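Written out below as structure tokens is the structure these notes cover.
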2 protein chains.
Amino acid sequence: MHKSTALLTDMYELTMLESTLKSGAANRASVFEVFCRRLPSGRRYGVVAGTGRILEDLLDFRFTDEELDYLRQSRIVSEETIDWLADYRFAGDIYGYREGECFFPNSPILTVTGTFAEAVLLETLILSILNHDAAVAAAASRMTIAAHGRPCLEMGARRTHERAAVSAARAAVVGGFAGTSVLEAGRTYGVRAIGTAAHSFTLVHDTEEDAFAAQIETMGPGTTLLVDTFDVEQGVVRAVAAARAAGGELGAVRLDSGDLVAQAFTVRKQLDDLGATSTKITVTSDLDEYAIAALGAAPVDSYGVGTKLVTGSGFPTAELVYKLVAREDSEGAIKEVAKRSKSKASHGGLKVAGRVLDETGVAREELIVSCQSWEQGRAALEERGARPLQVPLVLGGEIQAHDSVQEAAQHHVASRNELPYQAWRLSDGEPAIPSTMIDIFPGDDRVYDGT
Amino acid sequence: MHKSTALLTDMYELTMLESTLKSGAANRASVFEVFCRRLPSGRRYGVVAGTGRILEDLLDFRFTDEELDYLRQSRIVSEETIDWLADYRFAGDIYGYREGECFFPNSPILTVTGTFAEAVLLETLILSILNHDAAVAAAASRMTIAAHGRPCLEMGARRTHERAAVSAARAAVVGGFAGTSVLEAGRTYGVRAIGTAAHSFTLVHDTEEDAFAAQIETMGPGTTLLVDTFDVEQGVVRAVAAARAAGGELGAVRLDSGDLVAQAFTVRKQLDDLGATSTKITVTSDLDEYAIAALGAAPVDSYGVGTKLVTGSGFPTAELVYKLVAREDSEGAIKEVAKRSKSKASHGGLKVAGRVLDETGVAREELIVSCQSWEQGRAALEERGARPLQVPLVLGGEIQAHDSVQEAAQHHVASRNELPYQAWRLSDGEPAIPSTMIDIFPGDDRVYDGT
């Protein structure tokens, strides 16, 4: 696998670069914006995730000899463009919502300013990261809401691409998950690694008793034993006995099949009858936010979530787009630009966004100001009492201090807690707060619409 | 990013290793099998994809000092286990269906034999690769069926994780796609890279005419121009004129919004009226297999597919599992093993599989023989006239010659062409052929079920 991230890019970014280098448009100051036209059907909010990964990958976005050789051999661009790429370093600015922030339709979650050439090249990589990570974080957030404080653990590595799995674990933590099964996420992001045992572990031993004893010998009685390989009731008896034989009380049992609600009650009663009142129950079979909610009244202590988490619980991509919203014209003035075709119309201009809270601290509106500069937009937000949502992530090509995964997770809790009650509902509905667009871009003929 | 793939692994694989090293079960000869209990709802067949990637990643599945340091610092396993991991090389065998082969419920698409310890460690990585790649390849296969020979092009990088995008492009080619937009897939797998231009390219220029002229200047009149940034009819006139001004006829126009069926007819007529009868039409807006089928009667020449392809068209993961099906007992005899809990019961024993064709060459049955050795199973297949489906991929730890992506794509066409007519239907239904399990494993008390 190549370390450079520069070819994680659609070919047309490079051919557009080539054409604009010829036409001269390459050097026009430009503003690109990441936003979504709508949230996935019925969702109440989105969750920004992946920002930190963009900043890491930006450092590796370099066209080294290996990348340039491929471009040369495949004749994708000319030698002039290859020379330009050899020196490429993004030298512009990136502003964005804090990682973990909730977002809504048209929220400008990332804004890239620079020349057209330097900014267009980042389109594919930025969208890949945000579309994937935001999809997983949104699912994670809904699941942690449904879990009402019980820990949720990420166990979906085997159900998604092996490298996506690492990023999914990271995004799950941003959305409130307490740990992950995937070790590379533990190493790379300092996320707590967790795990129990598989059915194969029981099956490779001669008896279930042998398997439980072997696990307890290395992991201690505080471990979690998988009790549903054969007969659950029998498994629970053996599990508790195995821990006690080692001089302790069993940490937890895991249920991975069957009717989890009914089983949780049965197993809890059985554990209590055995005197194992401190032994916990974790469940792990095909959970999503609805199954977790349905288990809310059952005596379950934690949830292990796989497939539905890493695939965004029905929405594996966040539908974020990266659009040119303003650029320099031939006289050097910045003009709003917008696509005018009917089904994909977009709003032009740099957007400065803030969240308007009411007197009780509840969010009421996403205020999005189309304007000509950060200063102008910020003033408009201040006037209206809105909390500014964008922070500088890259200035003049230099990556700025930014939130860790753990800080992003904390920020998500704060941002989510600010939302009105309906944001917490799992059922389909409208976005939790409306997005209001205000246009203070000066001038009348500002919109370039190709006419 | 770390090159080693060893930590793309669930933590429990390592703690199970540790416990079995203590209990002695680690060294038991074992057979693990990858299969699905069912196809995603209504699908007629699955497509094996990712096999070649498993073999590449196996070479990098090494616990180097960096991986061992993490395990030591996080106290996930003991020093004894860390010593064992430092020397780890998979030394067993892997057999599997050829990449591109169609599969059905219970098809044993990958079989890993070796000690429990060496085989259990590969579970997570193997499942991640196959579950992702098979999901994309299955979607690609349905789309290329719906396209009836018109080229399908992969353009979904921005809608999935940046590294998954590269593998998705590869899987799309296995499923019949003709090219990809993502350059890293071009470099890594020799897949044809393709691309047009984005709306931002038009918008950064002062006029649509300027943009078209700039693209044609570098790409030639044979390029594909995006004509729906402003007004499609106007765009088509300008596009044809721009190519002619450069002394050629335009290669193609791209439509990326609106009612594609109606627009294709309108634009085709307009192009023909302009005399641009050789100019092709490519469409790219939110396509899936159903939208492609609906465009079958429209004058469209190729399809660019994004979101729905890379997310498996509704089924982003293939539901494949990796199960222990046989292992040595304490006397050194190989015993079938199977989980007996009701909702996830599995079939024990090594499986040798073949496809039974009728006299016209049409597949009629997936024959799956539970047996004790490859020889025994092969003999049973031969007796019944079934084409053997498994080939050796790794023998004694040595990776064998295997299909390239292009060969896998060819094999997929051959395998799909063998299936009965109902396999080609997009509507929900039963698997195209039934899976028949035969058990010739000797002995009566062979099944270990924990009692």
Original post:
From the list A:357, A:324, which one is in contact with a Ser or Thr (Cβ under 9 Å, 6 or more places away or on another chain) and more than 28 Å from residue A:170 (Cα to Cα)?
Top reply: A:324
**OP:** Consider only pairs whose beta carbons are under 8 Å apart and that are at least six residues apart or on different chains; among these, list those whose first residue lies in the range B:274-299 and is in the same structural domain as residue B:255 (by TED's automatic domain parsing) and whose second residue is open to solvent by less than 10 Å² (accessible area, probe 1.4 Å) and among the hydroxyl-bearing types (Ser, Thr, Tyr).
**Re:** B:282/B:303; B:283/B:303; B:284/B:303; B:285/B:257; B:287/B:303; B:292/B:303; B:295/B:303
Original post:
Out of all the residues in the range A:406-422, which are crowded, with 22+ Cβ neighbours inside 10 Å and among the hydrophobic types (A, V, I, L, M, F, W, C)?
Top reply: A:408, A:409
**OP:** Look at residue B:48 and say whether it is away from chain A (no Cβ under 13 Å), of a type outside the set (S, T, N, Q) and either more than 18 Å from the chain's Cα centre (by Cα) or under 26 Å from residue B:392 (Cα atoms) (or both).
**Re:** yes
Original post:
Which pairs have Cβ atoms under 7 Å, sit 6 or more apart or on different chains, and link a residue in the range A:353-367 that is open to solvent by 30 Å² or more (accessible area, probe 1.4 Å) to one that is of a type in the set (S, T, N, Q)?
Top reply: A:365/A:436
Subject >> Odd one out for residue A:30, checked against (1) surrounded by 18 or more Cβ atoms within 10 Å (Cβ to Cβ); (2) polar (S, T, N, Q); (3) modelled with pLDDT under 95 >> reply: (3)
Subject >> Filter result for residue A:282 (closer than 16 Å to residue A:208 by Cα, open to solvent by less than 40 Å² (accessible area, probe 1.4 Å), touching a strand residue (DSSP E or B) at 6+ places or on another chain (Cβ under 7 Å) and modelled with pLDDT of 95 or more) >> reply: no
Original post:
Somewhere in the range A:255-278, is a residue in contact with a helix residue (DSSP H, G or I) (Cβ under 6 Å, 6 or more places away or on another chain), away from chain B (no Cβ under 13 Å) and in a loop (DSSP other than H, G, I, E, B)?
Top reply: yes
Subject >> Conditions (1) in contact (Cβ under 8 Å) with a residue 12 or more places away in the chain; (2) open to solvent by 20 Å² or more (accessible area, probe 1.4 Å): number failed by residue A:398 >> reply: (1)
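Mind checking which helices (runs of 4 or more DSSP H) fall wholly inside the range A:90-203 and carry at least 3 residues that are among the β-branched types (Val, Ile, Thr), at the interface with chain B (Cβ under 10 Å from one of its Cβ atoms) and crowded, with 24+ Cβ neighbours inside 10 Å? Can you show your working first?
Numbers: elements: A:116-120, A:123-146, A:162-174, A:183-189.
Result: A:123-146.
Table: residues versus (1) closer than 27 Å to residue A:178 by Cβ; (2) in contact with a Cys (Cβ under 6 Å, 6 or more places away or on another chain); (3) of a type outside the set (Val, Ile, Thr).
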position: A:81; (1), (2), (3): no, no, no
position: A:100; (1), (2), (3): yes, no, yes
position: A:118; (1), (2), (3): no, no, yes
position: A:121; (1), (2), (3): no, no, yes
position: A:131; (1), (2), (3): yes, no, yes
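For residue B:83, state whether it is part of a helix (DSSP H, G or I), open to solvent by 10 Å² or more (accessible area, probe 1.4 Å), away from every other protein chain (no Cβ under 12 Å) and farther than 21 Å from residue A:205 by Cα. Even if it seems obvious, please write down each step before you answer.
Numbers: part of a helix (DSSP H, G or I): yes; open to solvent by 10 Å² or more (accessible area, probe 1.4 Å): yes; away from every other protein chain (no Cβ under 12 Å): yes; farther than 21 Å from residue A:205 by Cα: yes.
When the stated conditions are applied, residue B:83 passes them.
For residues that are farther than 20 Å from residue B:182 by Cβ and either more than 7 Å from chain B (Cβ to nearest Cβ) or part of a loop (DSSP other than H, G, I, E, B) (or both), tally how many sit in the range A:10-25.
Number of matching residues: 2.
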**OP:** Provide a single number: the residues in the range B:285-302 that are among the polar types (S, T, N, Q) and farther than 16 Å from residue B:172 by Cα.
**Re:** 1
Subject >> Options A:7, A:55, A:39: the member that is over 30 Å from residue A:434 (Cβ atoms), assigned to a loop (DSSP other than H, G, I, E, B) and under 25 Å from the mean Cα position of the chain (by Cα) >> reply: A:7
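The values are calculated or read from the model by the stated rules, or taken from the named source; none is laboratory data. Every value quoted in this text rests on a predicted model; they were computed, and no experiment measured them. Cβ: placed from backbone, ideal geometry, glycine included. Neighbour counts: every protein chain shown. For accessibility, only protein heavy atoms count, side chains too; no ligands or nucleic acids. Shrake-Rupley method; radii C 1.70, N 1.55, O 1.52, S 1.80 Å.
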